[in-house]
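To start, the structure itself, in structure tokens.
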Amino acid sequence: MRVLSSVAAFSEALDAARAAGQRVGLVPTMGALHAGHRSLMDRAVSECECVAVTIFVNPLQFGDPWDEAHYPRTLDADLARCEQAGVSVVLAPSVAEMYPSWPEAPATTVRVRGLTDAWEGAARPGHFDGVVTVVAKLFAMAGRCRAYFGEKDFQQLAVVGRLVADLSFPVELVACATVREHDGVALSSRNALLSPSQRQAAPVLAQALAAGRAAMLAGERCPGAVAGAMAEVVAAEPEAELDYAAVVDPVDLTVPAELAPAQPWRLLVAARFGRVRLIDNCEASVPPVPAPRRWGTMDALRTAASWGPAAGEPAGPVGARPAARARRGQVG
């Protein structure tokens with residue numbers, strides 16, 4: 001496994017891999033790797049001959065200085081995880097390597113309008129501009145590849161998908177399922193920052209999603225009612241402070257007027273546990289409404305035959321149904 005700090009060397013390594021006929025897989029991370037990241041690497045290794053992981057704590061996407069200062073940095077352990085997974089190349093650049101003008105912010109940034117306005121975008125102003133800018137740079141460095149992102153950051157996945165489509169990056173996005181702890185908590189590097197009591201309370205997000213999904217499975221079609229069921233669960237946990245709970249269209253992340261049955265929707269929830277902010281999501285749908293049965297002539301005949309003759313009427317033909325003969329006292 002090659003560990004690089006130079007952007008130019010990273011690009012050259014992936015160009016050489018493609019020239020040798022290898023498919024390139026890219027796993028962008030901010031380090032503090034856990035089993036969720038490992039699942040992305042495993043998927044990439046299973047599908048690509050050359051897998052590149054980037055480890056870079058991107059300062060542009062932090063609005064809270066405390067969050068940036070306390071974000072876990074575990075480079076040695078991260079590199080060991082990458083090697084165990086069979087990664088080919090790791091890019092671990094400095095901030096100056098990624099942003100030559102630093103500490104002055106880069107003059108050029110990238111923004112995806114619309115998808116970044118609500119939810120995480122509203123809670124963390126400027127966050128997605130930083131995410132999209134660094135991802136655009138990584139895609140430009142990596143070249144043609146498959147890029148692996150987890151569904152845990154669902155809004156980020158949608159935003160990156162729009163970035164790829166709008167700017168024609170030669171990148172195939174691969175969405176990977178959220179990996180969870182035994183108690184349902186979605187794996188996140190920020191989980192390490194939780195106190196013992198906060199970690200004990202953290203499953204409330206998964207429980208809120210379960211409540212929203214259960215409401216929809218019961219036929220609830222009002223988005224506000226589903227969001228209310230989720231919010232009620234979080235409100236019952238003293239350690240958690242709800243940021244938002246919603247059910248949205250998975251493509252444009254807007255709240256629909258009504259939840260159409262038999263269509264995938266996405267439940268979103270975010271809450272603070274002290275200074276630590278966690279997010280989670282899942283897919284859910286309202287069951288299809290059974291189509292009303294249309295009665296025809298044969299249905300009417302079969303029903304009449306099963307009823308048998310009324311009192312005082314002659315018995316039916318020999319071929320009458322056993323149930324009808326039994327009602328007439330004709331056993332056997």
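The values are calculated or read from the model by the stated rules, or taken from the named source; none is laboratory data. None of the values given here were measured: they were computed from a predicted structure. Don't worry about glycine lacking a Cβ; one is built from the backbone with ideal geometry, like all the others, and counts go over all protein chains shown.
When Ala215 is evaluated against the numbered criteria (1) touching a strand residue (DSSP E or B) at 6+ places or on another chain (Cβ under 6 Å); (2) farther than 30 Å from Glu49 by Cβ; (3) free of Cβ contacts under 8 Å to residues at least 60 places away in the same chain, which criterion, by number, is the only one it fails?
Going through the list (1) touching a strand residue (DSSP E or B) at 6+ places or on another chain (Cβ under 6 Å); (2) farther than 30 Å from Glu49 by Cβ; (3) free of Cβ contacts under 8 Å to residues at least 60 places away in the same chain, Ala215 breaks only (1).
Conditions tested, residue by residue: (1) touching an Asp or Glu at 6+ places or on another chain (Cβ under 8 Å); (2) outside any helix (DSSP H, G or I).
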site	(1), (2)
Ala32	yes, yes
Val45	no, no
Ala52	no, yes
Trp66	no, no
Glu97	no, no
Pro100	no, yes
Val110	yes, yes
Gly114	yes, yes
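Examine the range 226-240 for a residue that is surrounded by 19 or more Cβ atoms within 10 Å (Cβ to Cβ), of a type outside the set (A, V, I, L, M), more than 24 Å from Gly63 (Cβ to Cβ) and not assigned by TED's automatic domain parsing to the domain that holds Phe62, and state whether such a residue exists.
For the range 226-240, residues surrounded by 19 or more Cβ atoms within 10 Å (Cβ to Cβ), of a type outside the set (A, V, I, L, M), more than 24 Å from Gly63 (Cβ to Cβ) and not assigned by TED's automatic domain parsing to the domain that holds Phe62: present.
Read through the list (1) in a helix (DSSP H, G or I); (2) in contact (Cβ under 8 Å) with a residue 24 or more places away in the chain; (3) of a type outside the set (Gly, Ala, Ser); (4) surrounded by fewer than 21 Cβ atoms within 10 Å (Cβ to Cβ), then give the number of the only condition that Asp76 fails.
Tallying (1) in a helix (DSSP H, G or I); (2) in contact (Cβ under 8 Å) with a residue 24 or more places away in the chain; (3) of a type outside the set (Gly, Ala, Ser); (4) surrounded by fewer than 21 Cβ atoms within 10 Å (Cβ to Cβ), Asp76 fails exactly one: (2).
Considering every residue within the range 125-134, establish whether at least one is of a type in the set (Gly, Ala, Ser), within 23 Å of the chain's Cα centre (by Cα) and under 30 Å from Val255 (Cβ atoms).
If we filter the range 125-134 for residues that are of a type in the set (Gly, Ala, Ser), which is where we start, we get 126, 130.
Subset that is within 23 Å of the chain's Cα centre (by Cα): 126, 130.
Remaining after also requiring under 30 Å from Val255 (Cβ atoms): 126, 130.
Within the range 125-134, one or more residues are of a type in the set (Gly, Ala, Ser), within 23 Å of the chain's Cα centre (by Cα) and under 30 Å from Val255 (Cβ atoms).
Being farther than 13 Å from Ala284 by Cβ, assigned to a loop (DSSP other than H, G, I, E, B) and among the β-branched types (Val, Ile, Thr), is that true of even one residue in the range 182-198?
Taking every residue of the range 182-198 in turn, at least one turns out to be farther than 13 Å from Ala284 by Cβ, assigned to a loop (DSSP other than H, G, I, E, B) and among the β-branched types (Val, Ile, Thr).
Out of Gly161, Gly150, which single residue is in the same structural domain as Ala35 (by TED's automatic domain parsing) and surrounded by fewer than 20 Cβ atoms within 10 Å (Cβ to Cβ)? Give the derivation first.
Details: Gly150 fails: surrounded by fewer than 20 Cβ atoms within 10 Å (Cβ to Cβ).
Within the list Gly161, Gly150, the selection yields Gly161.
Quick one: which of Glu68, Glu83, Glu97, Glu49 is modelled with pLDDT of 95 or more and under 26 Å from Glu181 (Cα atoms)?
Values: Glu68 fails: modelled with pLDDT of 95 or more; Glu97 fails: under 26 Å from Glu181 (Cα atoms); Glu49 fails: under 26 Å from Glu181 (Cα atoms).
Matching residue, one of Glu68, Glu83, Glu97, Glu49: Glu83.
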